[in-house]
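Read-outs throughout are calculated quantities, based only on the coordinates presented, and are distinct from any laboratory measurement. Only a predicted model underlies this, so the values are computations on that prediction, with no experimental measurement involved. With ideal geometry, Cβ positions are generated from the backbone for all residues, glycine too; neighbour counts draw on all protein chains shown.
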Amino acid sequence: MTPTMPALPDEQLTLQAAQAQVLRGDVAAAAGTLEAAIAAHPASDELALALAGLAMQRGDRPGAERRLRGILQRTPGHLPAAFMLTRLLREQGRMVAAGEVLTGACTAGATGMEQRIAAVELLDDCGRQAEALRLCTDAFAHGLDDPRLRAHAGALASQLGRFDEARRHQQAALAGSPLALEWHVPLGLAGLQRYRDRQHPDLALFERGLARGDLSPHARSGLLFALGKACDDLDEHARAVAAWAEANRIVRQHHPWNRKSWRRSVEMRLARPTPPVQSGEDRAWTPVFIVGMPRSGSTLLAERLACHPAVRHRGELPWLPTLAARLDAIAAERERAAQMPLAAAAYAAQLVQDDAPARWYIDKQPHNDMHVDLILALFPQARIIHCRRNARDTALSLWMQSFHPGTQDFASDFADIAAVIHGSRRLMAHWQRRYPAAVREVRYEELVDDPDGCIGALADWLGLPAAIAPAAPDRERAISTASLWQARQPVHTRSVQRWRAYATLLPELARMAGD
């Protein structure tokens, strides 16, 4: 980090006085104290940073941004200001600007390892994976190396489809620290390819790791999922099931899931009255929500639609469920109605962002199927695409996949998976009846059998203009789902009726309700 001048003694006293005023609840007085001090010390980065923090606390985002940019103009490597400004820009959906600010500050001078890792993680959160990876490789080029940063670089390169580069970083992480097993680096390796040789060194790596006696449950489950995936590639179905069964047992033990709560939430959604539709101006863009069960073809569908030059794909945005929870927490109907336009504006900022404008924007968060009524109240022009796949194939694909804790915790138990599939289908049938013009179903089996025909029909329904040529793949856009490798391979039908290969080993699949 570019060095900054330490605060002078009287500046320190001013900062302490302002902090005391804030603790007493007098933010306006604190701002006055700092304004007076900065008039005497106009080049003080510390006073300006404190004022920026106060501006954010008071809701004055333009004022905060102005102060922070002033600091970075004087001191380009001032990382506290850069981090604060990046988070401010992220809240406003200005992800391009956020990436520019943080990468600029990190490359303006030397940064420590902890700062570099924090910057990489924040850029990843902003959807700026290419810039985050460049910060990693820049650090390596300047001798700033660390297994944690190598693990981040491996994950980022995987998301960007740079699989050979990802493997080099992941192998360096494994060589550099035994903790790489805790970071699920072997699982990342397993997702980079389709194994075709039992002698592949990765399998020995997975088995050596599992032989260790000091593994945490988290590390052990990751190795088991990786081994199961490799065995599945090699058609060693019994060994795959044994590995996945133990992995899912560990997940269930440490991340239990409440089936009754899920069913209650579905019933509440089905009984909820239709929220009032926002009557704002006709927007110049259309949000497209791809919903349904995870592992039902949503990534493939979104990637194919995003080849159209008028479509921008934002991945799985977390914002709509967050906004829905905030609105649900408001008891007064009038107050909730007053917050609806603010919720629409907040979500729109995250969807549209500040890159080149488009006409259609995709959010493929699968569990937005819980909020279709809210979506169409906030955005009457929205379109909902429901991805549906054979229930048994969906269940198997979920059960064999490792997910981040807290995301798909139901996926470790077939009965829980069946409950979620049943509830999701009830919801989508309900939304289809209520909003027939806005909701369309796409079957996975039809998508992989005839991708061009399926995407063409969807494009007509969405009103996409005929494109002269598909857009070139966006090398700066990442795929952050479990399908990051599969989605970049040629479309195939090998996974249709895949559950039959496991029917005798997993009788739970045969007992599930079919389509």
Calculated FRET efficiency for the pair A204/R434, C-beta based, R₀ 35 Å, to 0.05: 0.05
Could you list D10, D146, D125, D164 so that the one with the fewest beta carbons within 10 Å of its beta carbon is first and the one with the most is last? D164, D10, D125, D146
Percentage relative contact order, the chain, counting C-alpha pairs under 8 Å, at least six apart: 14 percent
Which listed residue (W183, A108, N368) has the Cα farthest towards the positive end of the charge dipole for the chain, taking +1 on Lys and Arg C-beta and -1 on Asp and Glu C-beta about the Cα centre? N368
Please order R272, R334, R58 by the number of other Cβ within 10 Å, starting at the fewest. R334, R272, R58
Check which residues have an amide H placed less than 5 Å from L144's amide H, if you skip close sequence neighbours. none
Counting Lys and Arg as +1 and Asp and Glu as -1 over every other residue whose Cβ sits under 15 Å from the Cβ of G154, the net charge comes to -2
Positive minus negative residues near R494 (Lys, Arg vs Asp, Glu; Cβ under 13 Å): -3
With Cα atoms, 0 to 90° folded angle of helix 319-328 axis to the chain main axis: 80 degrees
Below 12 angstrom from the Cβ of A204, what's the summed charge of the other residues (Lys, Arg +1; Asp, Glu -1)? -1
re region 34-149: pairs of Cα atoms spaced beyond 16 Å account for a percent value of 58 percent
In the chain, taking the dipole from +1 charges on Lys and Arg beta carbons and -1 charges on Asp and Glu beta carbons about the Cα centre, the listed residue (A30, S296, T86) farthest towards the positive end is S296
Give me the Kirkwood hydrodynamic radius of the chain in Å, from all C-alpha pairs, to one decimal place? 25.3 Å
